[in-house]
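A quick write-up on the structure given underneath.
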Amino acid sequence: MTRQIPIVLLAIAAVVFPLSVHKIFLETGIERQLGTAQKIFYFHVPMAWIMMLFGLVCGIAAGIQLRRQSRRAEAVAIAAGEMVVLAGLGVLITGPIWGHASWGKAWTWDARQVTTGLLWLVFVAYVLVRRYGAAGSDRLAAALAIFGAVDVPVIYYAVKIWKTTHPSNDVVGTLPPEMWAALWPALGALLATAIALVAVRARQEMIEMDVDDAWVRVDELREAAKGAAS
Amino acid sequence: MNSSILGGSQAVAEPPQDDEYEAVEGLDRASIECTRMHEAAAAKKTASDYEHIVWSYGVLWSLFAIYGVMLWRRGARLRGDVETLRTRIDKA
């Protein structure tokens with residue numbers, strides 16, 4: 001049953017995505033101050049939320065992995081970490097494109113941009129250490145993931161603490177209903193896709209761990225058989 | 001903008017000259033040209049905005065697609081590993 005979850009989620013995303021495009025471009029009006037480019041918002045903001053959500057998931061799972069030596073938590077942390085890199089890249093590309101269209105400047109070094117860039121770099125480091133690190137580097141990687149997760153609230157509160165070009169966090173809550181009606185399907189499609197990919201990746205990681213263990217056992221059995229024969 | 005073209009604010013429309021301009025009832029040439037100028041600026045901005053939108057949406061879904069392909073390839077490699085392992089166990 002759990003193996004079908006990613007397929008169901010991807011099917012939902014395949015249905016909801018065209019609906020979201022329809023709502024964004026045909027049913028939602030053009031924002032008066034930011035113009036047509038504001039429609040990037042409907043995918044940029046959900047990607048940022050997905051990045052922060054999986055940043056937290058990765059940090060929590062890495063903490064559980066360190067404390068309980070849980071393989072499931074380790075697999076979830078690896079999958080979530082990769083999703084942070086993917087979603088973070090999406091945010092860091094679509095944000096400057098939107099900035100360039102609306103304000104003529106792609107990057108302003110504002111606090112939210114910098115903290116988002118920092119989060120992305122931390123999780124790139126996490127993925128690299130997980131992939132290329134020597135034996136025992138999983139603990140270092142887990143510490144990096146926890147450090148990265150701590151950056152998530154910093155991104156959220158950056159617009160309150162520092163003066164930034166990003167609007168305040170309250171702006172999403174004050175959106176008119178027609179904008180919410182377009183934002184929900186976009187968020188749903190992207191979130192469903194992201195969860196499906198994370199579930200697939202986590203499952204792959206667990207299978208890989210089991211296969212590695214099986215190889216070690218096979219080698220041990222072969223050595224034992226050789227020893228018994230001699 | 002050339003003031004001789006705009007000709008200031010005129011209450012009465014100028015007569016048409018060749019095919020370059022056709023008077024519209026109730027609008028003078030300056031108003032029409034001014035409107036056209038703003039329309040052209042707005043159209044240019046909208047076209048530029050749509051170009052940015054296509055790029056950002058394209059990048060986003062390309063990232064997901066690339067990651068999906070990477071997962072699919074990893075899955076295929078894993079299936080190969082499991083098969084090799086099964087063969088080795090059968091031989092042992």
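Look through segment B:30-69, keep the residues that are touching a helix residue (DSSP H, G or I) at 6+ places or on another chain (Cβ under 8 Å) and more than 14 Å from chain A (Cβ to nearest Cβ), and return whichever of them is surrounded by the most Cβ atoms within 10 Å (Cβ to Cβ). Out of the qualifying residues, it is B:Ala30.
Each row is one residue, and each column tells you yes or no for (1) small (Gly, Ala, Ser); (2) more than 14 Å from every other protein chain (Cβ to nearest Cβ); (3) closer than 30 Å to A:Ala141 by Cβ.
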position	(1), (2), (3)
A:Gln4	no, yes, no
A:Ile7	no, no, yes
A:Phe25	no, no, no
A:Thr36	no, no, no
A:Ala48	yes, no, yes
A:Phe54	no, no, yes
A:Cys58	no, yes, yes
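Among the residues in segment A:138-152, are any without any contact (Cβ under 8 Å) to a residue 40 or more places away in the chain and not in a helix (DSSP H, G or I)? Among the residues of segment A:138-152, not one is without any contact (Cβ under 8 Å) to a residue 40 or more places away in the chain and not in a helix (DSSP H, G or I), which makes the answer no.
Quick check on B:Arg86: is it at pLDDT 90 or above, over 18 Å from A:Phe43 (Cα atoms) and either surrounded by fewer than 11 Cβ atoms within 10 Å (Cβ to Cβ) or at the interface with chain A (Cβ under 10 Å from one of its Cβ atoms) (or both)?
On the way: at pLDDT 90 or above: no; over 18 Å from A:Phe43 (Cα atoms): yes; either surrounded by fewer than 11 Cβ atoms within 10 Å (Cβ to Cβ) or at the interface with chain A (Cβ under 10 Å from one of its Cβ atoms) (or both): yes.
It is false that B:Arg86 is at pLDDT 90 or above, over 18 Å from A:Phe43 (Cα atoms) and either surrounded by fewer than 11 Cβ atoms within 10 Å (Cβ to Cβ) or at the interface with chain A (Cβ under 10 Å from one of its Cβ atoms) (or both).
In segment A:98-131, what residues are away from chain B (no Cβ under 14 Å), assigned to a helix (DSSP H, G or I), over 14 Å from the mean Cα position of the chain (by Cα) and of a type in the set (Ser, Thr, Tyr)? Once the filter is applied, which keeps residues that are away from chain B (no Cβ under 14 Å), assigned to a helix (DSSP H, G or I), over 14 Å from the mean Cα position of the chain (by Cα) and of a type in the set (Ser, Thr, Tyr), segment A:98-131 yields only A:Thr115. If you check A:Val200, A:Val218, which single one turns out to be closer than 22 Å to B:Ile89 by Cβ, within 10 Å of chain B (Cβ to nearest Cβ) and either surrounded by 13 or more Cβ atoms within 10 Å (Cβ to Cβ) or out of contact with any Leu (no Cβ under 8 Å at 6 or more places or on another chain) (or both)? Result: A:Val218 is the single residue among A:Val200, A:Val218 that is closer than 22 Å to B:Ile89 by Cβ, within 10 Å of chain B (Cβ to nearest Cβ) and either surrounded by 13 or more Cβ atoms within 10 Å (Cβ to Cβ) or out of contact with any Leu (no Cβ under 8 Å at 6 or more places or on another chain) (or both).
Among the residues of segment A:13-23, which ones are facing chain B (nearest Cβ under 9 Å) and either aliphatic (A, V, I, L, M) or crowded, with 21+ Cβ neighbours inside 10 Å (or both)?
As a first pass, look at segment A:13-23 and keep what is facing chain B (nearest Cβ under 9 Å): A:17, A:21.
A:Val21 - this is the single residue of segment A:13-23 that is facing chain B (nearest Cβ under 9 Å) and either aliphatic (A, V, I, L, M) or crowded, with 21+ Cβ neighbours inside 10 Å (or both).
The values are calculated or read from the model by the stated rules, or taken from the named source; none is laboratory data. Model, not experiment: these values are computed from the prediction. Cβ: placed from backbone, ideal geometry, glycine included. Neighbour counts: every protein chain shown.
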